[in-house]
Amino acid sequence: MFRRNNVTARIFEPNNVTARIFERQIRIPAPGTSIHCARRFYENLVPSCTIYDVECPDHSFRKFTDDGQYLISFSRNHQDLIVYRPTWLTFSCKDEDCDTHDLPLKSKRFESFFTQLYCVPLASSSEFICKDFFLYIESNQFGLFATSTTQIHDAPAAGGAIPGIPYIEKITFLLLRLEDGGILDERVFHNDYVNVAHSVGVFLYDDLLAIVSLRYQTIHILQIRDSGNLVDVRAIGEFCREDDELFLNSNPLVAVNHIGNGLHHNQSILESSFLSGIKQRLLSFIFSGIWTEETDQTLRIQCLKKKFYYHFQDYVDLIIWKVQFLDRQHLLIKFCSVDGGTSRSADHHPAFFAVYNMETTEVIAFYQNSAEELYFLFEQFCDHFHATSSLSTTFITSHSNNIYALEQLRCNKKKANSLQQFVKKMLASLPFNCQSQSPSPYFDQSLFRYDEKLISATDRHRQSTDHPIKFIARRQQGSLKFKIKPGPEAGSTDSRTKKISSFLFHPILPLALSIQQTLYLQPPVVNIHFRR
């Protein structure tokens with residue numbers, strides 16, 4: 001047994017799988033880097049073959065689960081859930097050089113790569129599956145899905161709802177056991193609105209689930225038990241502590257003002273004589289912060305007038321738009337100022353971020369979306385904003401764990417015309433959508449570089465291109481490792497037709513799906529990229 005020094009190791013850097021295996025036998029990686037060293041094998045284990053326009057069922061493919069066990073898809077009528085198990089194409093060849101042979105005809109079929117496990121109806125005739133929503137509980141192999149009735153935009157703000165919020169008669173969250181498709185539990189919201197698209201209004205952390213009711217401004221915290229039950233933990237909104245409602249109802253004077261008007265726990269703070277509990281705590285935190293800034297009484301009063309009372313109604317009109325867990329005790333809540341009766345595109349309106357302690361019911365931090373202090377925390381500790389308990393997602397590239405991503409961020413920062421606008425643009429992504437990024441090693445920017453305008457780890461449709469998307473090795477002198485080309489092999493004949501593409505990368509295997517769609521409801525073009 002012999003051990004090479006670091007200088008020799010750098011000279012004979014392995015460039016193929018055989019050399020890497022030999023390197024692994026004779027060289028011990030530095031402490032804490034074994035997994036990262038193992039991921040470097042993906043520089044040589046890349047998708048090397050593409051099967052274009054695969055014969056596949058007309059489904060809406062959602063994503064792979066983070067452990068790679070299941071491929072989630074929905075029927076085109078958005079009524080059924082279809083779950084597949086990824087397999088691998090196998091065929092025999094009698095010649096010595098099998099790589100020169102064409103693949104068998106069966107390889108053009110989707111069933112050669114995926115085995116259907118089951119098909120389960122989730123939605124009734126009046127409901128539809130929310131095709132952009134799916135959360136995976138890896139520890140139990142549970143899946144969380146959502147169905148809803150048709151959305152109504154111009155619904156009146158009856159029953160205490162916030163004006164201008166859309167209305168959905170029924171929203172159902174279903175917890176399934178993905179092994180066999182058994183429905184374990186469900187939670188129904190009536191006459192409400194939850195923004196489930198890409199999990200904007202729902203966040204999962206370990207076994208805790210946060211659901212934001214926009215219409216009634218309530219954060220519902222649920223726990224997913226190992227038995228498959230959805231258990232209510234608390235509701236944060238009009239009340240913050242479990243006994244707040246009991247205390248108010250037990251006080252005769254308060255009860256007359258609060259209940260005598262026919263109000264209940266879901267009614268709007270606009271019709272009540274009280275602000276909601278979460279809004280009161282937010283205002284108290286802002287007031288206390290301004291109060292302690294100045295010790296001189298005269299200056300203190302001036303600051304309160306300028307920074308608090310002048311903007312008091314603006315703070316009162318803030319609505320809870322989005323939420324995420326920072327840990328099991330703290331929430332990052334995004335508040336938006338949106339004029340009543342307008343569209344709910346919150347990114348175009350002033351926004352604020354609050355850190356809320358669920359146990360003490362206190363707001364412990366408050367930032368505007370242009371705060372450089374928050375941006376500094378975001379730049380240095382971005383991984384802390386990706387709250388997750390899944391090991392597979394700990395390797396998602398960010399500018400706080402990857403030097404290449406950090407260099408790109410700082411380059412964009414220097415090019416920005418206004419620092420304040422750049423900060424707003426970067427902080428607009430907070431809080432991050434839950435499970436919105438692929439853990440595939442091919443999106444690891446320490447291994448590969450690619451055009452992020454065309455493809456990225458983020459779960460979003462991209463404008464399609466007829467040119468292949470190149471993945472170039474970072475450490476092997478910029479050599480081209482593989483290409484991903486969506487759409488037909490020969491390219492599209494009509495360049496005027498607008499096309500969008502989505503990419504589903506397996507988190508472990510050198511396997512990916514590229515799906516190209518047009519806006520005219522034509523059948524999508526599905527390509528399978530794999531290592532032959």
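Where Rh is the Kirkwood radius over the Cα pairs of the stretch 277-334, the temperature 20 °C and the viscosity 1.002 mPa s, what D in µm²/s does Stokes-Einstein return? Don't jump to the answer; show the numbers that get you there.
On the way: Rh = 12.9 Å.
Estimated via Stokes-Einstein, D reaches 166 µm²/s.
What accessible area per residue comes out for the chain, rounded to a whole number of Å², with a 1.4 Å probe? Please report the intermediate quantities before stating the final value.
Values: 26930 Å² over 532 residues.
Spelled out: the 1.4 Å probe surface of the chain, per residue, equals 51 Å².
Equivalent-ellipsoid semi-axes for the stretch 92-233 (Cα gyration tensor, √(5λ), whole Å, largest first): 40, 19, 13.
Around the Cα centre of the chain, unit charges on the Cβ atoms of Lys, Arg, Asp and Glu (plus for the first two, minus for the last two) sum to a dipole of about 2080 debye. With the largest listed first and rounded to whole Å, the semi-axes of the equivalent ellipsoid of the chain from the Cα gyration tensor are 46, 30, 22. Give me the tail of P(r) for the stretch 19-64 as a percent: Cα-Cα pairs with distance above 14 Å. Tail fraction, whole percent: 69.
Of all segments of the chain bounded by GluC sites (Glu not before Pro) found in a DSSP loop with no more than 12 other C-beta atoms within 10 Å, the longest spans 97-241. Is the shape of the stretch 353-450 rounded, prolate or oblate, going by the alpha carbon gyration tensor and its root eigenvalues a ≥ b ≥ c, with a/c under 1.5 for rounded and a/b larger than b/c for prolate? Oblate shape, in that a/c is at least 1.5 and b/c is the bigger or equal ratio.
The per residue volume of the convex hull around the alpha-carbon atoms of the stretch 144-190 is 71 Å³.
Mean separation of Cα pairs under 8 Å and 6+ residues apart, divided by the residue count of the chain: what relative contact order is that in percent?
Computed value for the chain: 13 percent relative contact order.
Per-residue extension of 0.36 nm, minus the Cα-Cα distance of Phe381 and Glu55, leaves a gain of 112.9 nm for this segment.
State the percentage of accessible surface on the chain attributable to carbon and sulfur atoms; use a 1.4 Å probe and exclude ligands, DNA and RNA.
On the way: 13830 of 26930 Å².
Carbon plus sulfur share of accessible area: 51 percent.
The values are calculated or read from the model by the stated rules, or taken from the named source; none is laboratory data. Just so it is clear, the structure is predicted and the values come from calculations on it, not from any experiment. Neighbour counts are summed over all protein chains in view; Cβ atoms, including those assigned to glycine, are modelled from backbone coordinates with ideal geometry. The accessibility values were calculated without ligands, DNA or RNA, using every heavy atom of the protein model including side chains. Shrake-Rupley method; radii C 1.70, N 1.55, O 1.52, S 1.80 Å.
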